[in-house]
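Taking it in order: structure first as structure tokens, then the write-up.
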Amino acid sequence: MALMGWLDGKTAQLVGESPAIAAALAGQGATLVREGNCDVLVHVAVPTLARPAHELSHAEWRAALDIGVDQRFLLARAFAAMCRAERRGGAIVYVGAPEQALGSDHAAAAGALGNLTKTLGVEWARDGIRVNTVLTREAGETLGNIVAYLASDYAAYVTGAVMGVGLDD
């Protein structure tokens, strides 16, 4: 049984590609926006190709950290500043592959993202801004529903969580 309207009246920005997440957010009532003020920020990172550590150049290493951590932090910081300026809370949900899935560069970025999620989740809780991460290989309806739940007020007390979903296959 699917609950409907989890996100009625909310606006959500989806950064990255995920038709399942876009469908779940819209299906639960969120209005998707490309930029500007929003209640929910969802960032789906496009993972780099898995390569053995000894074959990675420094530029490839830095690119993985830029995509996996730096860009996400900068988006979150801007989102939190907007929420604070408007004196309202919000939700940030990061989505990516499990740490062990794509090589050492991705593992470093995913590990750093986990620590960033926990730190921002605690630091920004006083402002009503929740930060959570889903690490998964899942790309379908289950992932979309988990992200919609984390973005909703039903998850109002969930922040700083790093969740692995469907990692046993």
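Among the residues of the range 39-61, none is identified as of a type in the set (D, E, K, R), modelled with pLDDT of 90 or more and over 20 Å from the mean Cα position of the chain (by Cα). Checking each residue in the range 102-133 for being at pLDDT below 95 and either more than 20 Å from Phe79 (Cβ to Cβ) or outside any helix (DSSP H, G or I) (or both) picks out Leu102, Gly103, Ser104, Asp105, His106, Ala107, Ala108, Ala110, Gly111.
Candidates are the residues of the range 98-129 that are under 11 Å from the mean Cα position of the chain (by Cα) and of a type outside the set (Ser, Thr, Tyr); the one that is surrounded by the most Cβ atoms within 10 Å (Cβ to Cβ) is Leu113. The residue list Gly5, Gly36 contains one member that is modelled with pLDDT under 90, closer than 25 Å to Asp127 by Cβ and exposed (fewer than 13 other Cβ atoms within 10 Å of the Cβ), which is Gly36.
In this structure, does Arg137 turn out to be over 21 Å from Ala30 (Cβ atoms), of a type in the set (Lys, Arg), free of Cβ contacts under 8 Å to residues at least 60 places away in the same chain and touching a helix residue (DSSP H, G or I) at 6+ places or on another chain (Cβ under 9 Å)? The answer is yes for Arg137.
The values are calculated or read from the model by the stated rules, or taken from the named source; none is laboratory data. Everything numeric in this text was worked out from a predicted model, so none of it was measured. Because the Cβ atoms are built from the backbone with ideal geometry, glycine has one as well, and the counts that use them run over all protein chains shown.
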